[in-house]
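Quick notes on the structure that follows.
The values are calculated or read from the model by the stated rules, or taken from the named source; none is laboratory data. Note that the coordinates shown come from a computational prediction; the quantities given were computed from them, not determined experimentally. Positions of Cβ are backbone-derived with ideal geometry, glycine not excepted, and every protein chain shown enters the neighbour counts. Heads up: the accessible areas ignore ligands, DNA and RNA and are worked out on the full protein's heavy atoms, side chains in. Shrake-Rupley method; radii C 1.70, N 1.55, O 1.52, S 1.80 Å.
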Amino acid sequence: MWVLFDLDGTLTQSEEGIWNCARHTLREMGRPVPDDATLRKFIGPPLMWSFQNLADMTEEEALEAQVIYRKRYNTVGLFENRVYPGIRYALRCLRKAGFHLGIVTGKPEEPTLRILEHFGLAGFFESVICATDNKADKEEMIRKSLPEGYGEAWMVGDRKFDMEGGQRAGIHTLGVTYGYGSEEELTESGAERLARSPREIAEILCPEVSGVRGAFLSMEGPDGSGKGTQMRRLLDTLGRFGYEVIDTREPGGTPIGEKIRKILLDRENMGMTDETEALLYAASRAQLVREVIRPAVAEGKIVLCDRFVDSSAAYQGGGRQMGIERILGINAPAVDGTMPDLTVYLDIDHRKAMKRRCAVSEPDRMEMEAESFHARVEEGYHQLIAMDPERFAVVNAEGERDAIAKEVAQKVLAHLWETED
Ligand code: TYD
């Protein structure tokens, strides 16, 4: 069976790039920038039409506008784009079902291929048919996509052009309501089935497929390594790349875990013994593993956890000198074999981290520890990395935020793409 996808509005959400390019073009040409409602109308129709009808340009002016627009779009605009969350899951299910996948888009070939490459989607598709010379007849493109004797096929898209093209080409049609076309538009143009989310595409086309696993990622680093910022940046990137991400943290991440967290970080609890501390962290973890991590990964989602068992090994094992092996032993029943597929370690000298930390906020109970404690935490992390180098993506965290975020994203995406079946 073949499943053909439209790109904009079905796999990717492209308004950010389109709007930014339209704004940029109008500004460059000294024209007033229209309101958001007008800008919205730039999605879909050919550029020439939009500039003439939405920005009152003559044909000549619109030609000039098109050049300015394309210049920005082809370098910057096409990456100001998002893959709808859940698309990767749906594509993996369809592939697991043994379907052939293709793309049929009104976009020209060059930006299409670059978008697919950039977002790591190219490998899913056996055929990519794009508009040529501003001609984008969907029926024709659909016919071109399908090999002889293709059997059954579906066209999946968000606009009436996709539904009508599919029907004329004699294949099934599935409309997605999360794109740019309304449910009404899709039904009126004869959509056989409707999907309200990317997941539903897979539920409709291959309901029998299950067991497409997500991934468990953790991020680690000493206090002051900039982990909070990098967590947010990575979450944003994974969302843009079409992953459904559960963002969680340790200690905490569940209602019970958050109560344990309060006890652990309370500055009044200075009398807490090392063993109590280690067991409380493990208790919070046991709850998180069962309540959040395992179910989400089994559903094909990505769990991104701010700290995991490595923190216990580094802080309690190293910092408190309880020994890494002993801490891993205490944690064995808590994690029960559930370990991160990949752990990002933000590598920073503990003295530099301390400086950063003091500049930002009041220290909590753990952060108030002496420098020697934090030196042992850092050393603990390095031992853990040496014990299991394959699991860690070590990123130098002493540099500039944007560069660190980029390296983290590259390493994590490379890992995810390698393991996507
Ligand atoms: P948190 O506010 O999450 O710190 P950060 O933002 O730096 O991650 O506080 C968690 C503190 O608890 C942090 O100092 C590290 C410590 N910790 C342990 O000592 N052992 C553990 O197992 C975990 C998960 C955290």
Folded to 0 to 90 degrees: helix 274-288 orientation relative to the chain principal axis, Cα: 20
How tilted is helix 109-118 with respect to the longest principal axis of the chain? Cα atoms for both, answer in degrees (0 to 90, nearest 10). 10
Quick one: P(r) of segment 288-410 from all Cα-Cα pairs, 5 Å bins, percents rounded to integers, in order of increasing distance. 2, 10, 17, 21, 21, 16, 10, 3, 0
Show me the three semi-axes of the equivalent ellipsoid for segment 1-111, from the C-alpha gyration tensor (sqrt of 5 times each eigenvalue), largest first, rounded to whole Å. 32, 13, 12
With all distinct Cα pairs included, what does the Kirkwood hydrodynamic radius of segment 17-82 come out to in Å, to one decimal, could you say? 11.6
Enter the mean projected area of the convex hull around the alpha-carbon atoms of segment 49-152, in nm², rounded to one decimal. 8.3
Which angle from 0 to 90°, rounded to the nearest 10, does the C-alpha axis of helix 227-240 make with the longest principal axis of the chain? 20
Using a 1.4 Å probe on the protein heavy atoms, what percent of the accessible area of the chain belongs to carbon and sulfur? 50
Whole-number accessible area per residue in Å² for segment 1-212, which is evaluated in the context of all protein chains at 1.4 Å: 46
Bins of 5 Å, beginning at zero and ending with the bin holding the largest distance: percent of Cα pairs per bin for segment 1-212, please. 1, 7, 15, 19, 19, 16, 10, 6, 3, 1, 0, 0
Largest first and in whole Å, what are the equivalent-ellipsoid semi-axes of segment 215-419 based on the Cα gyration tensor, each being the root of 5 times an eigenvalue? 24, 21, 16
In whole Å, what three semi-axes, largest first, describe the equivalent ellipsoid of segment 111-174 built from its Cα gyration tensor (square root of 5 times each eigenvalue)? 20, 15, 12
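In a shell of Cβ-Cβ distance under 14 Å around residue 117, excluding residue 117 itself, what net charge do Lys and Arg (+1) and Asp and Glu (-1) give?
0
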Any idea what the dipole of the chain comes to, in debye rounded to 20, about its Cα centre with Lys/Arg Cβ at +1 and Asp/Glu Cβ at -1? 500
At q = 0.06 Å⁻¹, what base-10 log of I(q)/I(0) does the Debye formula yield for the chain when every alpha carbon is treated as an equal point scatterer in vacuo? -0.33
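Under 37 °C and 0.692 mPa s, how fast does segment 167-221 diffuse according to Stokes-Einstein, given a Kirkwood radius computed over C-alpha pairs? Answer in µm²/s, whole number.
Using the Kirkwood radius from Cα pairs, D works out to 242 µm²/s.
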Under the Karplus curve 6.51 cos²θ - 1.76 cosθ + 1.60, θ = phi - 60°, whole-Hz ³J(HN,Hα) for segment 77-85, x wherever Gly or Pro sits: x, 6, 9, 7, 8, 10, 8, 4, x
With θ set to phi - 60° and the Karplus curve 6.51 cos²θ - 1.76 cosθ + 1.60, what are the ³J(HN,Hα) couplings of segment 400-415 in order, to the nearest whole Hz, using x for Gly and Pro? 8, 3, 5, 5, 5, 4, 5, 5, 4, 4, 4, 5, 5, 5, 4, 5
